[in-house]
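Q: Just passing along the structure, written as structure tokens.
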Amino acid sequence: MIRMLARAALFFGASAIALALAALLLDNFTLSAKGFIFAVAIFALTQAILTPFLLKATVRNAAALTSAVGLIATLVSLIVTDLLNVGLNISGAGTWLLAALIVWLVGMIAAWLLPLFLFKKALEGRNNSQAA
């Protein structure tokens, strides 16, 4: 249970970093301070639900698209979050494409690096106990 909560927190944190960075880098990508938490929650939840579904569908029907599942799920999650009007507004085709790419890439990197910083003591303790 604790592991599941830790993964959810990491995913939420990675999504928050990715959306915030996209808002800083792209002019037509606005993320309001008031709706930030709700937008991140909707985005993260939508992506968490869509990714396994899309992966299963692509493996079964279009194996060539399997490597693009994360990017597709990111784009669809951005669309859902934007449509729900929860503090995220994206306009322009170029912004949509760049936003999906930035959020996907930054989210992936953040999900990889965040555990190294957030759970550093736990990882060090585990490594020390294995060495003994």
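Q: Return the total of residues in segment 12-41 being touching a Ser or Thr at 6+ places or on another chain (Cβ under 7 Å) and in a helix (DSSP H, G or I).
A: Within segment 12-41, residues that are touching a Ser or Thr at 6+ places or on another chain (Cβ under 7 Å) and in a helix (DSSP H, G or I) number 3.
Q: Determine which single condition A9 fails, assuming it passes every other condition in (1) within 16 Å of the chain's Cα centre (by Cα); (2) modelled with pLDDT of 90 or more; (3) surrounded by fewer than 18 Cβ atoms within 10 Å (Cβ to Cβ); (4) not acidic (D, E).
A: With respect to (1) within 16 Å of the chain's Cα centre (by Cα); (2) modelled with pLDDT of 90 or more; (3) surrounded by fewer than 18 Cβ atoms within 10 Å (Cβ to Cβ); (4) not acidic (D, E), A9 is out only on (2).
Q: Still on this structure: Restricting attention to segment 67-104, which residues are within 14 Å of A22 (Cα to Cα), buried (at least 16 other Cβ atoms within 10 Å of the Cβ) and of a type in the set (A, V, I, L, M, F, W, C)?
A: Scanning segment 67-104 gives L75, L78, L88, I90, W96, L98, A99, A100, I102, V103, W104.
Q: Filter segment 78-103 down to residues that are under 15 Å from the mean Cα position of the chain (by Cα) and β-branched (V, I, T) and give me whichever is nearest to L31 (Cα to Cα).
A: Looking at the filtered set, the residue picked out is T81.
Q: Could you grab me the full set of residues in segment 13-55 that are aromatic (F, W, Y) and crowded, with 17+ Cβ neighbours inside 10 Å?
A: Passing the criteria: F29, F36, F43.
Q: Does segment 48-70 include one or more residues that are closer than 17 Å to M108 by Cβ, in contact with a Ser or Thr (Cβ under 7 Å, 6 or more places away or on another chain), among the hydroxyl-bearing types (S, T, Y) and in a helix (DSSP H, G or I)?
A: Checked against the condition, which is being closer than 17 Å to M108 by Cβ, in contact with a Ser or Thr (Cβ under 7 Å, 6 or more places away or on another chain), among the hydroxyl-bearing types (S, T, Y) and in a helix (DSSP H, G or I), segment 48-70 yields at least one hit.
The values are calculated or read from the model by the stated rules, or taken from the named source; none is laboratory data. As the structure is a computational prediction, the values presented were derived from the model and not from experiment. Please note: Cβ atoms are built from the backbone with ideal geometry, for glycine as well, and neighbour counts cover all protein chains shown.
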